[in-house]
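The values are calculated or read from the model by the stated rules, or taken from the named source; none is laboratory data. Treat the numbers as computed from the prediction; the structure is a model and nothing was measured. Using ideal geometry, Cβ is built from the backbone for each residue, glycine included, and neighbour counts are taken over all protein chains shown.
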Amino acid sequence: MTHPWEQLLPRLDEMADLRHAATLMHWDQSTKMPPKGAHARARALSSIQAIMHDRLVDPEVGTLLGELEADDSIDTERAAHVRILRRDYDRATKVPRDLVREIAETEGLAYQAWIEAKPASDFSMLEPHLTKLVALKKEQADAIGYESERYDALLDDFEPGMKTAEVESLLTGLVLELKPIADAILANTGPRPDFLSRRFDEEKQISFCEWLIDRLGYDMRGGRLDRSPHPFTIHIGRGDVRQTIWTRPKMPLSPIYAAIHETGHALYDQGIPDHLVGLPAGNAPSFGMHESQSRLWENQVGRGRTFTEFMLPHLKERFPEVGMITPDEFYLGVNYPQRTLIRVEADELTYNLHIVLRFELELALMRDELEVSDLPDAWDAGMEKHLGLRPESQTEGVLQDMHWSVGSIGYFPTYTLGTLYAAAFFAAAEAELGPFDDGLRAGETGRLLAWLRDKIHRHAYIYEAKDLGARVTGGDLTVAPFLDYLKKKYREIYSVSF
Ligand code: ZN
């Protein structure tokens with residue numbers, strides 16, 4: 001009789017091919033598709049997703065999984081595929097088909113409503129859809145089940161294995177220590193460097209980013225760079241990892257740091273071993289782990305003193321608009337902290353305060369402590385509490401992010417987890433290999449990339465995020481490496497003590 005793995009593999013390959021098609025359609029939708037194609041595309045995608053769901057919940061998959069779980073002789077990789085597929089299978093079979101369809105439809109309507117509500121600064125346009133969606137997400141979480149609380153079941157979609165209590169304790173601890181540091185620094189920043197808002201040619205922004213991502217090791221023969229309304233990276237299939245950026249004529253640093261960020265994601269995906277791609281363990285183990293790579297390249301490398309010294313002459317060569325700024329001024333500009341209402345414009349110092357606000361609100365929704373109708377007021381109060389600012393409009397307040405309108409509850413904390421992992425990993429790399437400063441000053445990042453490939457990328461999802469993190473750093477995830485990194489950086493820039 002054929003081994004159950006040999007029977008499962010063609011099914012997994014077919015699911016991977018369906019996902020390949022859906023992913024390519026998503027990429028096209030966000031980059032090239034004419035607006036009039038939106039309706040037919042949504043329909044085509046939902047058909048493919050329904051087929052993928054049917055393939056996954058086929059009872060034969062459950063039978064084969066049971067046989068493989070009983071086999072003690074399977075190797076580590078196959079055991080990982082089985083473990084992850086079991087989790088996906090259980091989650092998919094526990095949620096009734098009608099509920100899956102109702103959530104998908106409600107998300108579609110809520111997203112459309114959000115698109116119109118945001119520029120109109122009118123939460124009431126989104127409110128009925130979001131109220132329904134939040135109720136459905138509670139139903140979904142209850143169907144999946146959880147040990148201690150409902151939010152766990154949703155968090156598991158993005159950060160498998162991590163519990164709400166752990167996230168809550170990390171984020172609460174972070175805020176406690178971060179706030180006094182942020183207050184001390186923000187009281188000492190001085191005026192905003194004016195090159196940060198000079199007009200830069202958009203075509204040249206793209207060509208500079210093309211040059212930069214190549215320098216960082218992104219393989220263009222296995223990828224491409226396009227423009228989209230929001231930057232993203234997408235892994236379509238073996239040998240095909242694409243990224244997009246935006247151009248911002250009056251925010252010259254924004255496309256550059258978006259490109260470095262997305263390259264961090266893309267280098268991770270390009271480092272997943274070919275034989276794993278498409279199979280259950282052929283991904284990062286969690287969103288937070290993926291975000292660790294983008295944040296590490298963007299912040300620890302890209303906003304580091306020595307890498308900015310490398311970039312500046314190249315920037316001056318392509319953009320005379322930069323003017324006569326010195327390496328000190330450029331470094332200060334790249335790291336200039338500021339309280340802002342908008343998460344995606346926030347700097348390293350204040351970014352995580354935006355995440356804490358969102359985490360508190362979505363947790364309160366899931367704990368039945370907050371109604372959707374009270375979200376706008378709760379948002380403004382939380383913004384004032386964490387950042388000392390009050391939004392003048394809902395566009396800049398509760399409506400700024402799309403996440404909740406597409407049902408992504410449990411996603412936000414992964415940005416902070418990524419930030420914490422990034423600092424811990426960079427510290428571990430320096431502890432093992434020595435400082436990277438001389439290399440980075442010359443634009444050499446190969447040694448760091450090789451280390452990340454060896455410690456993280458090549459393992460894909462063989463280990464759970466927590467275990468992979470512990471293998472790299474030797475311990476549990478804590479806020480200490482990130483706080484140490486921030487304190488050191490800003491002490492040097494602003495001579496502040498805390
Ligand atoms: Zn990212």
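Among the residues of this structure, residue 312 counts as one that is surrounded by fewer than 23 Cβ atoms within 10 Å (Cβ to Cβ) and either within 16 Å of the ligand (Cβ to nearest atom) or without any contact (Cβ under 8 Å) to a residue 24 or more places away in the chain (or both). Going residue by residue through region 265-279, is there one that turns out to be free of Cβ contacts under 8 Å to residues at least 40 places away in the same chain and touching a helix residue (DSSP H, G or I) at 6+ places or on another chain (Cβ under 8 Å)? Yes. Among the residues here, residue 185 qualifies as at pLDDT below 95, away from the ligand (no atom under 16 Å from the Cβ) and either out of contact with any Gly (no Cβ under 9 Å at 6 or more places or on another chain) or hydrophobic (A, V, I, L, M, F, W, C) (or both).
Among the conditions (1) modelled with pLDDT of 95 or more; (2) part of a loop (DSSP other than H, G, I, E, B), the only one that residue 498 does not satisfy is (1).
Do we find a residue being touching a strand residue (DSSP E or B) at 6+ places or on another chain (Cβ under 6 Å) and at pLDDT 95 or above anywhere in region 3-21?
yes
Within region 282-293, does at least one residue satisfy the condition of being more than 15 Å from the ligand (Cβ to nearest atom) and charged (D, E, K, R)? Outline the logic, then answer.
To start, the set of residues in region 282-293 that are more than 15 Å from the ligand (Cβ to nearest atom) comprises 282, 285.
Next cut, charged (D, E, K, R) only: none.
Within region 282-293, not a single residue is more than 15 Å from the ligand (Cβ to nearest atom) and charged (D, E, K, R).
Only residues that are under 18 Å from residue 347 (Cα atoms) and not in a helix (DSSP H, G or I): list them for region 392-415, please. If the condition is that a residue be under 18 Å from residue 347 (Cα atoms) and not in a helix (DSSP H, G or I), then 396, 397, 400, 401, 412 are the ones that fit.
Quickly run through region 27-71 and pick out the residues that are within 30 Å of residue 225 (Cβ to Cβ) and in contact with a helix residue (DSSP H, G or I) (Cβ under 7 Å, 6 or more places away or on another chain). 29, 33, 41, 42, 44, 45, 46, 48, 49, 52, listed by residue number. What about residue 84, is it surrounded by 17 or more Cβ atoms within 10 Å (Cβ to Cβ) and assigned to a helix (DSSP H, G or I)? For residue 84, the condition - surrounded by 17 or more Cβ atoms within 10 Å (Cβ to Cβ) and assigned to a helix (DSSP H, G or I) - is met.
Residues in region 451-466: is at least one within 16 Å of the ligand (Cβ to nearest atom), crowded, with 22+ Cβ neighbours inside 10 Å, not hydroxyl-bearing (Ser, Thr, Tyr) and not in a helix (DSSP H, G or I)?
Of region 451-466, the ones within 16 Å of the ligand (Cβ to nearest atom) are 452, 456-457, 465.
Filter once more, so that each one left must be crowded, with 22+ Cβ neighbours inside 10 Å: 452, 456, 465.
With not hydroxyl-bearing (Ser, Thr, Tyr) added as a condition, the list becomes 452, 456, 465.
Okay, now just the ones that are also not in a helix (DSSP H, G or I), so 456.
Yes, that holds for at least one residue.
Restricting attention to region 378-405, the residues that are away from the ligand (no atom under 16 Å from the Cβ) and touching a residue at least 40 places away in the same chain (Cβ under 8 Å) total 16. Only one of the listed residues (421, 415) is within 16 Å of the ligand (Cβ to nearest atom), under 30 Å from residue 86 (Cβ atoms) and in contact with a Ser or Thr (Cβ under 8 Å, 6 or more places away or on another chain). That residue is 421. Sort out which residues of region 21-75 are of a type in the set (D, E, K, R) and in a loop (DSSP other than H, G, I, E, B), and write them in order of number. 32, 58, 71, 72, 75 - these are the residues of region 21-75 that are of a type in the set (D, E, K, R) and in a loop (DSSP other than H, G, I, E, B). Consider region 230-262 and keep the residues that are part of a strand (DSSP E or B) and within 11 Å of the ligand (Cβ to nearest atom). The one that is surrounded by the fewest Cβ atoms within 10 Å (Cβ to Cβ) is 233.
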